[in-house]
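Here's the structure, in structure tokens; my notes come after.
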Amino acid sequence: MEHVLRCNALKCRKELGERALVTTCSHIFCVDCAARLGLTGPRHEHRNSCPACGSHLTSPDDAVISNLNPSEDYKTSVLSGLSPNIIMECASRALSFWAYQATQEVVYQEHLSKALTEKYSSLNVHLDKVINEANLEITNLQNKLTGKFLSFSLPTASDSLRRKNDELAQAYKEKNRKLLQIQELYDKLKRKAMLGQIQDAAEDAIDSTLHGQSVGETQFDGGSQNTLAYQDTGSPYGQHHSAPYEQQRMPAGYHNQTTRQHYSTSWPRTVGAQCE
Ligand SMILES: [Zn+2]
Ligand SMILES: [Zn+2]
């Protein structure tokens, strides 16, 4: 893309198309700026000095309107008739003008780039500062929020814990009450069972005593054979007496068939009756 000249008025810098005012001090302005800055008056004596460099533009050809997009005819006629030296000089000066404008543009762009870089750096520093401040602020707010949340949620948590504790205490009391009831029931049943055992044992003792007496009577009435048998074994009472004594010493109901039967039938019925 070909380089396009811009109006040298720094506040304008418009791209120049068809027509522009060029000066002998190598500056160029758009038509609007030229008129505004007093460079295109009817009388060149009253022309203002160059706004870019301050050169006096008193000569009539110091500032002329030029067609930047000339017709083919103009290109043919503008330098026609001039000697090659003059043609070359004109071309050389025009090229110098172009080179100067290009250099100025480069300088301008460099200055712009430098200024923008500085601005960018300072903005970057400022941005870092703002980000740091914002992060600090966010951290502070988060801390505050956490504190608020904790202060808000702690009472709630302790309330729920207290409620749970009350419920558990209530449940514990209930269980304790039931345990006492069961203990009482168990004691009652135990007493009843023991009473039955004692009664059975007493009956057994009576039976065995009566039985033992009847056996003794028959033995003494039996004659010499029975007496001999007692002498042979060396035991004064024999095996008949030992069984009733053991029954009395042992816990009642374990050796006696009738007693065991009595418990196996009466125990579940008693429990069932109490539970109902
Ligand atoms: Zn302009
Ligand atoms: Zn100038």
Next on the checklist: I'm trying to understand the selection: among the residues of the range 13-36, which are within 9 Å of ligand 1 (Cβ to nearest atom) and open to solvent by 50 Å² or more (accessible area, probe 1.4 Å)?
Outcome noted: Lys14, Val31, Asp32, Arg36
Next on the checklist: Going by what's in this entry, would Glu105 be described as part of a helix (DSSP H, G or I) and open to solvent by 100 Å² or more (accessible area, probe 1.4 Å)?
Outcome noted: no
Checklist entry - Name the residues in the range 32-58 that are over 17 Å from Cys7 (Cβ atoms) and at pLDDT below 90, would you? => result Gly41, Pro42, Arg43, His44, Glu45, His46, Arg47, Thr58
Next on the checklist: I'd like to know if the range 149-168 contains one or more residues that are charged (D, E, K, R), open to solvent by less than 80 Å² (accessible area, probe 1.4 Å) and part of a helix (DSSP H, G or I).
Outcome noted: yes
Next on the checklist: What are the pairs with Cβ atoms under 6 angstrom where one residue, in the range 22-36, is within 7 Å of ligand 2 (Cβ to nearest atom) and the other, located anywhere, is open to solvent by 10 Å² or more (accessible area, probe 1.4 Å) and in a loop (DSSP other than H, G, I, E, B)? Sequence gap at least six, or different chains.
Outcome noted: Cys25/Cys53; Cys25/Ser55; His27/Asn8; His27/Ala52
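The values are calculated or read from the model by the stated rules, or taken from the named source; none is laboratory data. Being a predicted model, the structure only gives us computed values, none of them experimental. With ideal geometry, Cβ positions are generated from the backbone for all residues, glycine too; neighbour counts draw on all protein chains shown. Side chains included, ligands, DNA and RNA excluded: accessible areas come from the protein's heavy atoms. Shrake-Rupley method; radii C 1.70, N 1.55, O 1.52, S 1.80 Å.
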